[in-house]
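Chemist: First, the structure itself, so that you have it in front of you.
The values are calculated or read from the model by the stated rules, or taken from the named source; none is laboratory data. None of these values were measured; they are calculated from a predicted model. All Cβ positions, even for glycine, are placed from backbone atoms using ideal geometry, and neighbour counts span all protein chains on display.
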Amino acid sequence: MARVDYAERIPNNVSLADNRRLLRALEEWQPRYLDWWREMGPDGFQAKDVYLRTAISVDAQGWAHFDWVKMPEYRWGIFLAEPEAGRTIAFGEHKGTPVWQDVPGEHRGTLRRLIVTQGDTEPASVEQQRHLGQTTPSLYDLRNLFQVNVEEGRHLWAMVYLLHAHFGRDGREEAESLLQRRSGDSDKPRILGAFNERTPDWLAFFMFSFFTDRDGKYQLAALAESGFDPLSRTCRFMLTEEAHHMFVGEAGIGRVVQKTCELMREHKTDDVRRHGGIDLATIQRYLNFHFSVSLDLFGSEISTNAANFYTAGLKGRFEETKKTDDHLLKDSTYSVTRPEGEGIAIVQEPALTSLNERLRDDYVTDCQRGVDRWNTVIKRHGIDAVLKIPHRGFHRAIGNFSELRVSPDGGIVSQAEWDARKPKWLPTSDDYTYVASLMKPVVEPGKFAGWIAPPARGINGQPMEFEYVKLASGEASHG
Ligand code: BYC
């Protein structure tokens, strides 16, 4: 078989062609990545032509190229945002010193762990979503799912590049392990909780893309502040792609809400299930679930890990360089919500150990903006209902609230009350069964399933009836 020219095949701006050692490492890893993609990537669509964007540069004027591609042939590239001349570390004990181009020896283990944790989420989400293509509500949505999937694959490449380029043998071993763990596998699970949950249907997928990808945005933004410049530059470019993933989630839920409201108006009822829609109560329960498991991804409210990452200059705050404080945080405090006595109180805690909570606060504010936009859709239909973000203590498995039962409006409740009211607060098996019953594929160009409204516009200026995925491609008759 002809040898693949990896330097050519892998679009990159890291001078791959000049780095023999790195090329060799990636040459060894790539076939195993492709094995993983074939085994765990989108089920049933590997031979189909999909209208995908591929990152081909980091040029703000046009970094992406749209074309038909079979997913296993996607050109997963390696891109770092342009270096900032004279960039210095913005926070922590090394503040003001030049950023590192190589891994500082004393932070090697910590940095590797951060990169591996970030990297692990990327293939995990592809695994969680692999079956969804079979039940797509439209070709447009199918294409968006695959776009998200290939870009999560590229984000894995981004982290594997850092591991191979900067962490020697340990890095190569970690890159292998990233292909071996599996979402939801009891023996070799993915690292973080939310990435071992099921994404059973498209409502869950849109919620995941809105809430969990948004955790990605905030974590990447915090890592983009890192004093380790290659990590910073990698994350900066990843954030560019991440925006589309959150759009898929926000617009997806917005379209479900839109359809629900139309059915409510048309049939003068809240009970749109009888008319093939997803009732607002079910949407709220899905929202409660995905918001709460995504909050856990920020770690404990009080975390010495977070303090150490910051002091060492490895992971900053959201928009660190825009903040006007001392960027050391040794003498400041931050408001943290925690259980106190019979209730819940806001107390002042040292700012350094509260950094996870601060990032979570930024995240919650951003989530609220999206939920407000969904509520605008409801209001526009003259319907007196609102979707609400639950209290931060609701349904938590990590941190201050993990031992407590907290209602969505922030009351501490007994186990008995929790058990009794849980079916109102979190998706029930009946909800999942009902939503699953709606998941019938709709693949005629320009057509949409009955539980979701069409989007406002197509992808890359294409019309709605565009054949975003060529389902007839790749079949034996075409061979
Ligand atoms: N599940 O001090 P603590 C994305 C562990 S999403 C399981 O509370 P820390 C994407 C923790 O590891 C963004 N374990 O927290 C989205 C630690 O373990 P050790 C992913 C958890 O360390 C959609 C212990 O509990 N990126 O990109 O300050 C699709 C105590 O930890 C969890 C990152 O996460 C959990 N939820 O912060 C595709 C950025 N939470 O040390 C992609 C990199 C905590 O006792 N990671 N633990 O063994 C980090 O910055 C940090 O690891 C965390 C945790 C923020 C996750």
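Chemist: Within the stretch 186-215, take every residue that is farther than 26 Å from residue 452 by Cα and near the ligand (Cβ under 8 Å from one of its atoms) and give me the one that is modelled with the lowest pLDDT.
Modeler: Ranking the candidates gives 193 first.
Chemist: Oh, and also: For the structure I just gave you, tell me whether residue 43 is farther than 23 Å from residue 164 by Cβ, in contact with a His (Cβ under 7 Å, 6 or more places away or on another chain) and not β-branched (Val, Ile, Thr).
Modeler: yes
Chemist: Among the residues of the stretch 323-349, write down those that are more than 27 Å from the chain's Cα centre (by Cα) and within 14 Å of the ligand (Cβ to nearest atom).
Modeler: 349
Chemist: Follow-up question, since we're still on this one. Within the stretch 133-154, how many residues are touching a helix residue (DSSP H, G or I) at 6+ places or on another chain (Cβ under 9 Å), over 19 Å from residue 69 (Cβ atoms) and either part of a helix (DSSP H, G or I) or near the ligand (Cβ under 8 Å from one of its atoms) (or both)?
Modeler: 1
Chemist: Which one of these is charged (D, E, K, R), surrounded by 15 or more Cβ atoms within 10 Å (Cβ to Cβ), in contact (Cβ under 8 Å) with a residue 24 or more places away in the chain and under 26 Å from residue 365 (Cβ atoms): 396, 405? Quick ask: steps written out before the conclusion?
Modeler: Details: 405 fails: in contact (Cβ under 8 Å) with a residue 24 or more places away in the chain.
Every option except 396 fails the conditions.
Chemist: Sticking with this one: Which one of the conditions (1) touching a Phe, Trp or Tyr at 6+ places or on another chain (Cβ under 9 Å); (2) touching a residue at least 60 places away in the same chain (Cβ under 8 Å); (3) assigned to a helix (DSSP H, G or I) does residue 122 fail to meet, given that it meets all the rest?
Modeler: Every condition holds for residue 122 apart from (2).
Chemist: Starting from the stretch 56-72, take each residue that is surrounded by 14 or more Cβ atoms within 10 Å (Cβ to Cβ) and list its partners that are acidic (Asp, Glu) and modelled with pLDDT of 80 or more, counting only C-beta distances under 6 angstrom and pairs at least six apart or across chains.
Modeler: 68/49
Chemist: What number of residues within the stretch 299-322 satisfy the criterion of being near the ligand (Cβ under 9 Å from one of its atoms) and farther than 22 Å from residue 103 by Cα?
Modeler: 5
Chemist: Name the residues in the stretch 91-122 that are near the ligand (Cβ under 10 Å from one of its atoms), of a type in the set (D, E, K, R) and touching a helix residue (DSSP H, G or I) at 6+ places or on another chain (Cβ under 7 Å), would you?
Modeler: 120, 122
Chemist: Only one of these conditions is not met by residue 53: (1) modelled with pLDDT of 95 or more; (2) in contact with a strand residue (DSSP E or B) (Cβ under 9 Å, 6 or more places away or on another chain); (3) charged (D, E, K, R). Which number is it?
Modeler: The failed condition is (1).
Conditions tested, residue by residue: (1) charged (D, E, K, R); (2) within 16 Å of the ligand (Cβ to nearest atom); (3) modelled with pLDDT under 95.
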position: 253; (1), (2), (3): no, yes, no
position: 259; (1), (2), (3): yes, no, no
position: 275; (1), (2), (3): no, no, no
position: 284; (1), (2), (3): no, no, no
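Chemist: Does residue 417 satisfy being without any contact (Cβ under 8 Å) to a residue 40 or more places away in the chain, closer than 30 Å to residue 340 by Cα and within 27 Å of the chain's Cα centre (by Cα)?
Modeler: When the stated conditions are applied, residue 417 does not pass them.
Chemist: Take residue 387 and tell me if it is within 13 Å of the ligand (Cβ to nearest atom), hydrophobic (A, V, I, L, M, F, W, C) and within 26 Å of the chain's Cα centre (by Cα).
Modeler: The answer is no for residue 387.
Chemist: Whether any residue in the stretch 66-76 is closer than 20 Å to residue 15 by Cβ, part of a loop (DSSP other than H, G, I, E, B), touching a Phe, Trp or Tyr at 6+ places or on another chain (Cβ under 7 Å) and not aromatic (Phe, Trp, Tyr) is what I want to check.
Modeler: No; the residues of the stretch 66-76 include none that is closer than 20 Å to residue 15 by Cβ, part of a loop (DSSP other than H, G, I, E, B), touching a Phe, Trp or Tyr at 6+ places or on another chain (Cβ under 7 Å) and not aromatic (Phe, Trp, Tyr).
Chemist: To continue, here is another question. For the subset of the stretch 155-185 comprising residues that are under 17 Å from residue 39 (Cβ atoms) and surrounded by fewer than 16 Cβ atoms within 10 Å (Cβ to Cβ), which member is farthest from the ligand (Cβ to nearest atom)?
Modeler: My answer is 176.
Conditions tested, residue by residue: (1) polar (S, T, N, Q); (2) part of a helix (DSSP H, G or I); (3) in contact with a strand residue (DSSP E or B) (Cβ under 7 Å, 6 or more places away or on another chain).
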site	(1), (2), (3)
329	no, no, no
344	no, no, yes
347	no, no, yes
352	no, no, no
357	no, yes, yes
363	no, yes, no
367	no, yes, no
372	no, yes, no
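Chemist: Hey, another quick one. Which members of the stretch 75-97 meet the condition of being buried (at least 21 other Cβ atoms within 10 Å of the Cβ) and touching a Lys or Arg at 6+ places or on another chain (Cβ under 6 Å)?
Modeler: Correct list: 76, 80, 89.
Chemist: Of the residues in the stretch 98-153, how many are of a type in the set (S, T, N, Q), within 30 Å of residue 88 (Cβ to Cβ) and surrounded by fewer than 21 Cβ atoms within 10 Å (Cβ to Cβ)?
Modeler: 3
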